[in-house]
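Trainee: Pasting in a structure now, in structure tokens, and then I'll have a few things to ask.
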Amino acid sequence: MLSGTASVDEFMPDAATMADFATQACALPGAQVLQLMFETAVSGRQTSLPAGLHPTNPPSMVVQAWHCPESPWGEFSLAMARVQCRSGLRPRGFVQGCVVDNADAAIALGARWGFPARVGTVVLDVGYHDTHLVVEVEGARVLDVRALDPIPLGNEDVAFSTTLTLAHTPRGPRLVQVDTDLVCDRAERLVACTPALDIEAFGLHRSIVVRHPVSASLSRGTLTLQPLRYVCRPDELAFTGTESTSD
Amino acid sequence: MPARGGLVTLRVVKFGIFFEMSTPRPFTPEVEGAVLHNALAQARLADELGFDWVWAVEHHFLEEYSHCSAPEVVLAAVATQTERIRIGHGAVVCVPEMNHPVRVAERCATLDLLSHGRLEVGTARSSTWTELGGFGVDPDQTKKTWDEFVHVLPKLWADGATSYDGHSFSMPERNVLPKPLQKPHPPMWVTVTSPGTELDAADRGLGCLGVAAAGYAEQERRTQEYFRRIEQCDPVSSVVTKEVTTLNFLYCHEDAAVAAKTGMGMVGTFGLANSHLMWTREAYPTRAYQSLGNLAPKTDRSATGSPGDRFGIPEGICVGDPDIIVAALKRWEALGLTGINFLLNCVETIPQEQVLESMRLFAREVMPHFRDSSNEAGA
């Protein structure tokens, strides 16, 4: 199986710092979750991942945006870009860029779950037939994408692969497995449009080239960030590089 | 079929070999050619040893996992190099972007003629986004097009000049040629990956070609339900194929420890390759693909387990010495299965000579335990 060839050091400048893994569950009721999937160029499939992760075939990227009206840090919106991959046998999304519009939330998401969160503007505008996501950092627009023509799905029809963040931890750089549950009460599939995306400004690896949109979904429900259970050495395959947070 | 002691016997449970043509990197013509020629040698040996089927899948773009994109070509070679084993086209992907139904009918009829009436036709709709996306297929449509194909193919084989005006294709009056040797047409099957597809098979009078690893309890439930439903089926033609098979791995060695070490390496490699496929559900939210295929862990929140987990060994795996394999197969047989198909290798992790020796040992020491004694001469 192919695995990544990027140096871990390439990802560390933007990585969050975690003092420990003693994170409690956090429920985010009334959340809206927009997920957009894109195929990316084969040329970047290994160069955009560290050696501990395997690329997908075809290589792909997911943009996920959350609007959370209630949280311990108040209302916030988040947008993250994840390179889809495998950690061992498991489907995962490796977060390479994350923008949050609430400074307290950004700090907490970084310190407790390892999100490489930067403060910026995230606007998730959900309309009747057009959902529009705009992300800006330091006044510059890094993502502008639309998803159109929603059709209803069953509440279990949208699959969310588990999130991986890469953080500075007391054990050194670690991929942090962020388990999120979404108890969904409404789901729709939409048609994803081609994004206006500044790859590097958003935090994605420079070798990633977006080819075409695959799908989009919009889900609503209670999103819960679960306590951390596993971390992995980023430069070692998961079969030998996985550690329990309680070790 | 030949058996020990020269008796002519029939088995209740049949055995097949199943080709994915998984291929190690680098994908050079030498490597890809060796995989194909090794498979042909396995098919010839299976024919000699008394295996009942040789199946070849249809997959596209699945690096390492399966390079079997032109199974009808592989099976044409098998047909001309064997004499009695049944030829399993398992399965033709029944979406028009990949295979026009007329071309499917033509190719299958030709294979049936070349094999002197030994063809079995599997049908499927593909499970991965890698394939569906590669051909621009709308995942919401594949169940419909599969259903249309399985209803129209018998007409194309059995009737003379035929016209058709349907959902996924239409054609003016034409005579699809050649016609198959088996009349009215070869037996038809459905590959069953997702739970519930066995009912689609039963309702249409089609064989249930299991390609996902179900445990004993789940397989028993599926098998019982299939046989119950097929009694009330509305068959797609006058041919009802009342069969349920499952997919297994085979590595047989006199020394159980050697078998486990070698065979489980193959099983683990297959599990890893399989889990790295991009299943449709992962890429494209739809009601039409409710589960991930084959052996992959779920993407959903129910399976956010440790990434350090190794591939879980499925129940009843046929890796071991002959006694272990006989015990496993007896248990499968007791569930009412009519056949078991075996993967023999994965990305060539097992040297070819060891694969062939495993097949010989299986035929010598395991197959005789599954003879139907009521059919033995003098019984």
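The values are calculated or read from the model by the stated rules, or taken from the named source; none is laboratory data. Please read these numbers as outputs of a predicted model, since none were measured by experiment. Neighbour counts run over all protein chains shown; Cβ positions are idealised from the backbone, glycine included. These accessible areas exclude ligands, DNA and RNA; they are computed on the full protein's heavy atoms, side chains included. Shrake-Rupley method; radii C 1.70, N 1.55, O 1.52, S 1.80 Å.
Trainee: Would you confirm whether any residue within the range B:251-258 is within 30 Å of B:GLU148 (Cα to Cα) and not charged (D, E, K, R)?
Mentor: Of all residues in the range B:251-258, those within 30 Å of B:GLU148 (Cα to Cα) come to none.
No, every residue in the range B:251-258 fails to be within 30 Å of B:GLU148 (Cα to Cα) and not charged (D, E, K, R).
Trainee: Assess whether B:GLY117 counts as being open to solvent by 20 Å² or more (accessible area, probe 1.4 Å) and in contact (Cβ under 8 Å) with a residue 12 or more places away in the chain.
Mentor: Numbers: open to solvent by 20 Å² or more (accessible area, probe 1.4 Å): no; in contact (Cβ under 8 Å) with a residue 12 or more places away in the chain: yes.
So B:GLY117 fails the test.
Trainee: Which numbered condition trips up A:GLU200, out of (1) more than 9 Å from every other protein chain (Cβ to nearest Cβ); (2) open to solvent by 40 Å² or more (accessible area, probe 1.4 Å); (3) touching a residue at least 12 places away in the same chain (Cβ under 8 Å)?
Mentor: (3)
Trainee: Tell me, which strands (runs of 3 or more DSSP E) lie completely within the range B:1-108 with 1 or more residues that are at pLDDT below 95 and either away from chain A (no Cβ under 14 Å) or touching a Gly at 6+ places or on another chain (Cβ under 7 Å) (or both)?
Mentor: Values: elements: B:14-19, B:53-56, B:86-93.
Those strands (runs of 3 or more DSSP E) span B:86-93.
Trainee: Here's something else I'd like to know. Out of everything in the range A:127-154 that is open to solvent by 50 Å² or more (accessible area, probe 1.4 Å) and part of a loop (DSSP other than H, G, I, E, B), what residue ends up being nearest to the other protein chains (Cβ to nearest Cβ)?
Mentor: A:HIS129
Trainee: Select from the range A:194-227 the residues that are touching a helix residue (DSSP H, G or I) at 6+ places or on another chain (Cβ under 8 Å) and assigned to a strand (DSSP E or B) and list them in ascending order. Reasoning before the result, please.
Mentor: The initial filter retains those residues of the range A:194-227 that are touching a helix residue (DSSP H, G or I) at 6+ places or on another chain (Cβ under 8 Å), namely A:203, A:205-210, A:214-215, A:225.
Correct list: A:VAL210, A:VAL214, A:SER215, A:LEU225.
Trainee: Filter the range A:213-227 for residues that are more than 16 Å from the chain's Cα centre (by Cα) and more than 9 Å from chain B (Cβ to nearest Cβ); which is least open to solvent (accessible area, probe 1.4 Å)?
Mentor: The selected residue is A:GLY221.
Trainee: Also, I was wondering about something else. Any residue in the range A:9-17 that is among the β-branched types (Val, Ile, Thr), at pLDDT 95 or above and either in contact with a helix residue (DSSP H, G or I) (Cβ under 7 Å, 6 or more places away or on another chain) or over 27 Å from A:ALA196 (Cβ atoms) (or both)?
Mentor: At the first step, the residues of the range A:9-17 found to be among the β-branched types (Val, Ile, Thr) are A:17.
Then keep just the ones that are at pLDDT 95 or above; that gives A:17.
When the remaining residues are screened for being either in contact with a helix residue (DSSP H, G or I) (Cβ under 7 Å, 6 or more places away or on another chain) or over 27 Å from A:ALA196 (Cβ atoms) (or both), the result is A:17.
Scanning the range A:9-17 turns up at least one residue that is among the β-branched types (Val, Ile, Thr), at pLDDT 95 or above and either in contact with a helix residue (DSSP H, G or I) (Cβ under 7 Å, 6 or more places away or on another chain) or over 27 Å from A:ALA196 (Cβ atoms) (or both).
Trainee: Now for a separate question. For residues in the range B:261-289 being facing chain A (nearest Cβ under 7 Å) and charged (D, E, K, R), which is most open to solvent (accessible area, probe 1.4 Å)?
Mentor: Residue satisfying both the conditions and the ranking: B:ARG287.
Trainee: So, in the range A:155-175, how many residues would count as being open to solvent by 20 Å² or more (accessible area, probe 1.4 Å), farther than 22 Å from A:ILE107 by Cβ and not polar (S, T, N, Q)?
Mentor: 2
Rundown of residues vs (1) more than 21 Å from A:LEU124 (Cα to Cα); (2) part of a strand (DSSP E or B); (3) open to solvent by less than 10 Å² (accessible area, probe 1.4 Å); (4) among the small types (Gly, Ala, Ser), yes/no style:
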position: A:PHE38; (1), (2), (3), (4): no, yes, yes, no
position: A:SER48; (1), (2), (3), (4): yes, no, yes, yes
position: A:GLY52; (1), (2), (3), (4): yes, no, yes, yes
position: A:MET61; (1), (2), (3), (4): no, yes, yes, no
position: A:SER71; (1), (2), (3), (4): no, no, no, yes
position: A:MET80; (1), (2), (3), (4): no, yes, yes, no
position: A:PHE94; (1), (2), (3), (4): yes, yes, yes, no
position: A:GLY97; (1), (2), (3), (4): no, yes, yes, yes
position: A:ASP104; (1), (2), (3), (4): no, no, no, no
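Trainee: May I ask you to verify whether B:TYR251 is aromatic (Phe, Trp, Tyr), buried (at least 23 other Cβ atoms within 10 Å of the Cβ) and within 14 Å of chain A (Cβ to nearest Cβ)?
Mentor: Taking the combined requirement at face value, the residue does not satisfy it.
Trainee: Please list, ordered by residue number, the helices (runs of 4 or more DSSP H) wholly in the range B:120-224 having 2 or more residues that are open to solvent by 10 Å² or more (accessible area, probe 1.4 Å) and among the small types (Gly, Ala, Ser).
Mentor: Details: elements: B:129-134, B:142-158, B:197-204.
Filter on the range B:120-224 gives B:129-134.
Trainee: Out of the residues in the range A:230-242 that are surrounded by 15 or more Cβ atoms within 10 Å (Cβ to Cβ) and at the interface with chain B (Cβ under 8 Å from one of its Cβ atoms), which is nearest to A:PRO55 (Cα to Cα)?
Mentor: A:ALA238
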